[in-house]
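Novice: Could you have a look at this structure, given as structure tokens, before my questions?
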Amino acid sequence: MNAAASWLNQPTILSMSFTEGERIVSGSKDQTVKVWDAHTGQQTLTLKGHTGPVTSVCFSPDGKRIVSGSYDKTVKVWDAQTEAQGLIPAEPQPRK
């Protein structure tokens, strides 16, 4: 299968990041974080827990964790293998 073909029917992707050629992580409007195999384009993991669109995603330098930020005003830290998560509430910013 063409790796690009797996992305065609995905909800709006708002953010992407990758590890050293092995995996890609995406954050989407559908409130999910997804992990993809960079070689095959196949989705390998779906992380659910945000209640708003996921606007920022990044792997830790060792590739063992994923950090995601969302319009729900939270930052979540995920285990990139087991789906376990921690939660760091974001402080609301005053409007100017």
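Novice: All other residues with a Cβ under 14 Å from the Cβ of residue 54 taken together, and with Lys, Arg as +1 and Asp, Glu as -1, what is their net charge?
Specialist: +3
Novice: Moving on. Summing +1 for each Lys or Arg and -1 for each Asp or Glu, what net charge is found among the other residues whose Cβ lies under 13 Å from the Cβ of residue 33?
Specialist: On the way: positive: 23, 29, 34, 48, 65, 76; negative: 30, 72, 79, 83.
Neighbourhood net charge equals +2.
Novice: Give me the number: length gained by fully extending residue 22 to residue 81, i.e. 0.36 nm times residue separation minus the C-alpha to C-alpha distance, one decimal in nm.
Specialist: 19.9 nm
Read-outs: derived from the displayed coordinates by stated rules, not from any lab. Remember, it's a predicted structure, so these values are computed and weren't measured experimentally. With ideal geometry, Cβ positions are generated from the backbone for all residues, glycine too; neighbour counts draw on all protein chains shown.
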